[in-house]
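Written out below as C-alpha coordinates is the structure these notes cover.
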Amino acid sequence: KTMEEEVVDYTAVLTRRERIGEQEMPPSAMKVKIRNPRDDQAFSIYLKFTEPENTKGREVIWVEGQNDNKIVVHETGILGLLRVVQPPDSFVAMLGNRYPVTETGLLRLMEKLTQYGLRDRKHGECHVEIIEDVMVAKVSCTRLRIVHPTKQEPFTFHIAEIDLDMQRMIPIRLATWDWPREGAEDESPLLTEEYIY
(Lines give C-alpha, C1' and ligand atoms only; values in the text may rest on other atoms or scores of the structure.)
Protein backbone atom coordinates (compact mmCIF):
# COMPACT_ATOMS: atom_id res chain seq x y z
CA LYS A 1 0.00 0.00 0.00
CA THR A 2 2.86 2.38 0.83
CA MET A 3 4.53 1.64 -2.51
CA GLU A 4 1.29 2.29 -4.38
CA GLU A 5 0.81 5.61 -2.58
CA GLU A 6 4.37 6.91 -2.35
CA VAL A 7 6.51 5.46 -5.17
CA VAL A 8 5.65 7.49 -8.26
CA ASP A 9 8.53 6.43 -10.52
CA TYR A 10 12.10 5.15 -10.33
CA THR A 11 15.10 3.95 -12.28
CA ALA A 12 17.09 0.84 -11.49
CA VAL A 13 19.38 -1.80 -12.88
CA LEU A 14 17.68 -5.17 -13.02
CA THR A 15 19.80 -8.31 -13.20
CA ARG A 16 18.12 -11.64 -13.68
CA ARG A 17 18.80 -15.35 -14.00
CA GLU A 18 16.02 -17.62 -15.19
CA ARG A 19 15.43 -21.26 -15.98
CA ILE A 20 12.81 -21.98 -18.62
CA GLY A 21 11.89 -25.65 -18.63
CA GLU A 22 15.19 -27.51 -18.38
CA GLN A 23 17.22 -24.70 -19.94
CA GLU A 24 19.11 -22.14 -17.88
CA MET A 25 19.10 -18.85 -19.76
CA PRO A 26 22.25 -16.70 -19.82
CA PRO A 27 22.26 -14.03 -17.09
CA SER A 28 20.91 -10.70 -18.29
CA ALA A 29 20.93 -7.13 -17.10
CA MET A 30 18.95 -4.08 -18.11
CA LYS A 31 18.40 -0.49 -17.16
CA VAL A 32 14.77 0.06 -16.21
CA LYS A 33 12.61 3.15 -15.87
CA ILE A 34 9.19 2.58 -14.37
CA ARG A 35 6.21 4.79 -13.65
CA ASN A 36 3.80 3.15 -11.24
CA PRO A 37 0.08 3.31 -12.06
CA ARG A 38 -1.61 6.36 -10.53
CA ASP A 39 -4.65 8.50 -11.23
CA ASP A 40 -2.49 10.99 -13.13
CA GLN A 41 -0.23 8.55 -15.03
CA ALA A 42 -0.37 5.16 -16.74
CA PHE A 43 1.75 2.21 -15.65
CA SER A 44 4.83 2.51 -17.90
CA ILE A 45 7.92 0.34 -18.33
CA TYR A 46 11.09 1.09 -20.29
CA LEU A 47 13.92 -1.47 -20.51
CA LYS A 48 17.31 -1.17 -22.17
CA PHE A 49 19.31 -4.38 -22.17
CA THR A 50 23.01 -4.17 -21.27
CA GLU A 51 23.75 -7.95 -21.09
CA PRO A 52 24.19 -10.45 -22.66
CA GLU A 53 25.96 -9.22 -25.77
CA ASN A 54 23.31 -10.57 -28.19
CA THR A 55 20.59 -8.38 -26.61
CA LYS A 56 22.74 -5.37 -25.67
CA GLY A 57 21.02 -2.17 -26.75
CA ARG A 58 17.54 -3.71 -27.19
CA GLU A 59 14.84 -1.35 -25.95
CA VAL A 60 11.38 -2.41 -24.83
CA ILE A 61 8.63 0.09 -24.07
CA TRP A 62 5.19 -0.61 -22.67
CA VAL A 63 2.58 1.90 -21.54
CA GLU A 64 -0.65 0.50 -20.19
CA GLY A 65 -3.49 1.37 -22.55
CA GLN A 66 -1.21 2.64 -25.37
CA ASN A 67 -0.56 0.85 -28.70
CA ASP A 68 -3.50 -1.51 -28.04
CA ASN A 69 -1.67 -2.52 -24.82
CA LYS A 70 1.22 -3.92 -26.89
CA ILE A 71 4.95 -3.56 -26.35
CA VAL A 72 7.19 -1.62 -28.71
CA VAL A 73 10.63 -3.14 -29.30
CA HIS A 74 13.65 -1.52 -30.93
CA GLU A 75 16.48 -3.91 -31.74
CA THR A 76 20.13 -2.98 -32.25
CA GLY A 77 22.17 -2.98 -35.45
CA ILE A 78 20.43 -3.33 -38.78
CA LEU A 79 17.33 -4.68 -37.03
CA GLY A 80 17.13 -1.32 -35.24
CA LEU A 81 15.49 0.10 -38.33
CA LEU A 82 12.43 -1.96 -37.49
CA ARG A 83 9.91 -1.02 -34.84
CA VAL A 84 8.23 -4.20 -33.61
CA VAL A 85 4.83 -3.89 -31.94
CA GLN A 86 3.37 -7.03 -30.41
CA PRO A 87 1.40 -8.34 -27.43
CA PRO A 88 3.61 -8.64 -24.31
CA ASP A 89 2.70 -12.33 -23.93
CA SER A 90 3.17 -13.27 -27.61
CA PHE A 91 5.41 -16.18 -28.54
CA VAL A 92 8.18 -13.90 -29.82
CA ALA A 93 8.04 -11.58 -26.79
CA MET A 94 8.19 -14.54 -24.40
CA LEU A 95 11.24 -16.19 -26.02
CA GLY A 96 13.88 -16.44 -23.29
CA ASN A 97 11.60 -14.90 -20.64
CA ARG A 98 9.64 -16.49 -17.79
CA TYR A 99 7.21 -13.56 -17.56
CA PRO A 100 5.88 -10.85 -19.86
CA VAL A 101 7.49 -7.41 -19.56
CA THR A 102 4.26 -6.15 -17.93
CA GLU A 103 5.28 -8.11 -14.78
CA THR A 104 8.47 -6.04 -14.37
CA GLY A 105 8.98 -3.71 -11.42
CA LEU A 106 8.99 -3.45 -7.66
CA LEU A 107 5.22 -3.05 -7.38
CA ARG A 108 4.60 -6.23 -9.41
CA LEU A 109 7.26 -8.01 -7.33
CA MET A 110 5.58 -6.90 -4.10
CA GLU A 111 2.19 -8.07 -5.41
CA LYS A 112 3.68 -11.51 -6.17
CA LEU A 113 5.31 -11.72 -2.74
CA THR A 114 2.01 -10.79 -1.08
CA GLN A 115 0.24 -13.58 -3.01
CA TYR A 116 2.90 -16.08 -1.92
CA GLY A 117 2.62 -14.97 1.71
CA LEU A 118 -1.18 -15.17 1.85
CA ARG A 119 -1.12 -18.59 0.16
CA ASP A 120 1.53 -19.95 2.53
CA ARG A 121 -0.27 -18.69 5.64
CA LYS A 122 -3.43 -20.43 4.44
CA HIS A 123 -1.81 -23.77 3.61
CA GLY A 124 0.99 -24.00 6.17
CA GLU A 125 3.75 -26.55 5.48
CA CYS A 126 6.47 -23.92 5.24
CA HIS A 127 9.43 -22.90 7.33
CA VAL A 128 10.49 -19.25 7.51
CA GLU A 129 13.90 -18.01 8.59
CA ILE A 130 14.74 -14.32 9.03
CA ILE A 131 18.39 -13.42 8.43
CA GLU A 132 19.62 -9.91 9.26
CA ASP A 133 22.35 -7.87 7.53
CA VAL A 134 22.63 -9.67 4.18
CA MET A 135 24.45 -7.57 1.56
CA VAL A 136 22.71 -7.47 -1.82
CA ALA A 137 23.68 -5.00 -4.54
CA LYS A 138 25.70 -3.04 -1.95
CA VAL A 139 22.61 -2.66 0.27
CA SER A 140 22.15 -4.16 3.74
CA CYS A 141 18.98 -6.25 3.65
CA THR A 142 16.85 -8.51 5.79
CA ARG A 143 16.39 -11.89 4.11
CA LEU A 144 13.26 -13.98 4.42
CA ARG A 145 14.12 -17.58 3.54
CA ILE A 146 11.03 -19.70 2.95
CA VAL A 147 11.21 -23.48 2.54
CA HIS A 148 8.40 -25.80 1.46
CA PRO A 149 9.83 -29.20 2.44
CA THR A 150 7.32 -31.25 0.42
CA LYS A 151 6.38 -30.76 -3.22
CA GLN A 152 2.61 -30.36 -3.24
CA GLU A 153 -0.17 -28.08 -4.47
CA PRO A 154 -0.43 -25.08 -4.36
CA PHE A 155 3.31 -24.43 -3.81
CA THR A 156 5.32 -23.27 -6.82
CA PHE A 157 8.81 -23.37 -5.29
CA HIS A 158 10.89 -25.40 -2.84
CA ILE A 159 12.94 -22.48 -1.50
CA ALA A 160 12.50 -18.72 -1.88
CA GLU A 161 14.72 -15.91 -0.67
CA ILE A 162 13.33 -12.40 -0.45
CA ASP A 163 15.78 -9.63 0.39
CA LEU A 164 14.20 -6.46 1.76
CA ASP A 165 15.85 -3.07 1.96
CA MET A 166 14.36 -2.15 5.34
CA GLN A 167 15.52 1.46 5.12
CA ARG A 168 13.51 2.14 1.95
CA MET A 169 10.95 -0.61 2.71
CA ILE A 170 11.24 -2.26 -0.71
CA PRO A 171 12.13 -5.76 -1.90
CA ILE A 172 15.29 -5.72 -4.01
CA ARG A 173 15.82 -9.45 -4.62
CA LEU A 174 13.72 -12.54 -5.18
CA ALA A 175 15.25 -15.95 -5.87
CA THR A 176 13.44 -19.30 -6.01
CA TRP A 177 14.63 -22.88 -6.32
CA ASP A 178 12.77 -25.99 -7.47
CA TRP A 179 12.62 -29.24 -5.51
CA PRO A 180 15.32 -31.83 -6.28
CA ARG A 181 14.33 -34.33 -8.96
CA GLU A 182 12.68 -37.51 -7.73
CA GLY A 183 15.29 -39.99 -6.58
CA ALA A 184 17.92 -37.23 -6.40
CA GLU A 185 17.22 -35.85 -2.93
CA ASP A 186 20.96 -35.52 -2.28
CA GLU A 187 21.46 -33.05 -5.17
CA SER A 188 21.21 -29.32 -4.70
CA PRO A 189 17.95 -27.68 -5.76
CA LEU A 190 18.10 -25.94 -9.15
CA LEU A 191 17.72 -22.17 -9.29
CA THR A 192 14.46 -21.31 -11.06
CA GLU A 193 14.71 -17.53 -11.06
CA GLU A 194 16.57 -14.64 -9.48
CA TYR A 195 15.79 -10.93 -9.87
CA ILE A 196 17.84 -8.17 -8.27
CA TYR A 197 16.85 -4.48 -8.46
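The values are calculated or read from the model by the stated rules, or taken from the named source; none is laboratory data. In this text the structure is predicted, and so the values were computed from the model without any measurement. Positions of Cβ are backbone-derived with ideal geometry, glycine not excepted, and every protein chain shown enters the neighbour counts. The area values use the complete protein model at the heavy-atom level, side chains included, leaving out ligands, DNA and RNA. Shrake-Rupley method; radii C 1.70, N 1.55, O 1.52, S 1.80 Å.
Which FRET efficiency, nearest 0.05, do residue 42 and residue 5 yield, Cβ-Cβ r, R0 22 Å?
0.80
Quick check on my link table: of 70/122; 48/70; 112/151; 1/33; 31/122, which ones sit more than 26 Å apart, alpha carbon to alpha carbon?
Among 70/122; 48/70; 112/151; 1/33; 31/122, the Cα-Cα distance tops 26 Å for 70/122; 31/122.
Accessible area per residue of the chain at 1.4 Å probe, in Å²?
61 Å²
Quick one, which of (1) -0.23, -0.57, -1.28; (2) -0.18, -0.46, -1.14; (3) -0.22, -0.56, -1.44 is the actual log10 I(q)/I(0) by the Debye sum over Cα atoms at q = 0.07, 0.11, 0.17 Å⁻¹ calculated for this model?
Among (1) -0.23, -0.57, -1.28; (2) -0.18, -0.46, -1.14; (3) -0.22, -0.56, -1.44, the one calculated here is (1).
Once a ≥ b ≥ c are taken as the square roots of the eigenvalues of the Cα gyration tensor of the range 128-170, is the result rounded (a/c under 1.5), prolate (a/b larger than b/c) or oblate (a/b not larger than b/c)?
It is prolate, given that a/c is not under 1.5 and a/b is the larger ratio.
To the nearest Å, what is the center-to-center distance of the range 24-100 and the range 145-195, using C-alpha atoms only?
One Cα centre to the other: 26 Å.
Within the accessible area of the chain, what % is carbon and sulfur when the probe is 1.4 Å and the other protein chains stay in place?
Answer for the chain: carbon and sulfur cover 51 percent of the accessible area.
Which of the three applies to the range 84-139, rounded, prolate or oblate, going by the alpha-carbon gyration tensor with a ≥ b ≥ c and a/c under 1.5 meaning rounded?
Because a/c hits 1.5 or more and a/b fails to exceed b/c, the range 84-139 counts as oblate.
Contact order normalised by length for the range 1-158, with contacts defined as Cα pairs under 8 Å and 6 or more residues apart; what percent is it?
It comes to 12 percent, rounded to a whole number.
In nm, to one decimal, how far is the modelled label at residue 121 from the one at residue 133, with both set 7 Å along Cα→Cβ?
3.0 nm
Residue 23 label point, 7 Å along Cα→Cβ, cut-off 16 Å on backbone N: hits in the range 97-116?
97-99
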